[in-house]
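What follows is one structure encoded as structure tokens, with my remarks underneath.
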Amino acid sequence: MSHSPKAAISAVESRFKVLSKTEFRGETSLSLAPEVIAEACLFCRDELGFNFLTDLSGLDHFGEDPRFEVVYELYNMERGEWLRLKVRVSEDQPEVPTVTGVWATADWHEREAFDMYGIRFTGHPDLRRILMWDGYPFHPLRKDFPLGGKPSEMPDVAFSEAAPLQGGPFVTTPSTATTKDREPRARS
């Protein structure tokens, strides 16, 4: 059964309640309720042929409610089609059902979103930190996490002091110059 990207979007819209639909630069994103995302992903894989989860990422919309968003980038390898699904969750209850039963590759993606943002994936077979050490009490990609880091009381952990930002690979010099001129690699 062949589906054009528009046909796939229409199929998702007819099967699930789409909370919002946005189009930007020729790409369409469909926002769904968290409680239907696993079923929607299964539908996209089995009925629409989106057989590859290229990415799953978290976003922090600090100051908004719901605060967090999970973005699912789906790809149909046979037709070369992309589909983006999104869900929003509140800071009070940042939980989304896991899609590891649909795509095994979601395992590490979900663990990273949990580690960096604190988004919990219910039903995940092994939801634990993937980058930060066990017991680390913060989520470093949240927008309220200080750029200089937070001190740690853990003994024998490298960089337990706040790291200086001077000259780091992504630190720019404040000025009215263009990004190209402020980029540290452009100065070397």
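Readers should treat all values here as calculations from the given coordinates under stated rules, not as data from a laboratory. If you're wondering where the values come from, they're calculated on a predicted model, not measured in any experiment. So basically every Cβ, Gly included, is an ideal-geometry build from the backbone, and we count neighbours across all protein chains shown.
If the segment from T122 to A177 were pulled out straight at 0.36 nm per residue, it would be longer than the present Cα-Cα gap by 15.2 nm.
Would you mind counting up the charge near R67? Only other residues with Cβ under 11 Å from its Cβ, with Lys and Arg at +1 and Asp and Glu at -1.
Charge balance near R67 sits at -4.
With the contact rule set at Cα under 8 Å and sequence spacing of 6 or more, what percent relative contact order holds for the stretch 28-141? Could you put the intermediate results ahead of the total?
Details: 215 pairs, mean separation 28.0, N = 114.
RCO, the stretch 28-141: 25 percent.
So if R0 is 22 Å, what FRET efficiency would E78 and L19 give, r being the distance between their Cβ atoms, rounded to the nearest 0.05?
Numbers: r = 29 Å, r/R0 = 1.31.
For R0 = 22 Å, the calculated efficiency reads 0.15.
As a proxy for reagent exposure, F24, F62 were ordered by neighbouring Cβ count within 10 angstrom, fewest first; the result is F24, F62. Once you reduce the stretch 114-148 and the stretch 59-95 to the center of their Cα atoms, the two points are 16 Å from each other.
What is the sum of charges, Lys and Arg at +1 and Asp and Glu at -1, for the other residues whose Cβ falls under 12 Å from the Cβ of F121? Intermediate results must be reported in sequence, preceding the final value.
Numbers: positive: R111, R120, R128; negative: E95, D107, E110, E112, D115, D126.
Once positives and negatives cancel, what remains is -3.
Measuring r between the beta carbons of D55 and L141 and using R0 = 25 Å, the FRET efficiency lands at 0.95.
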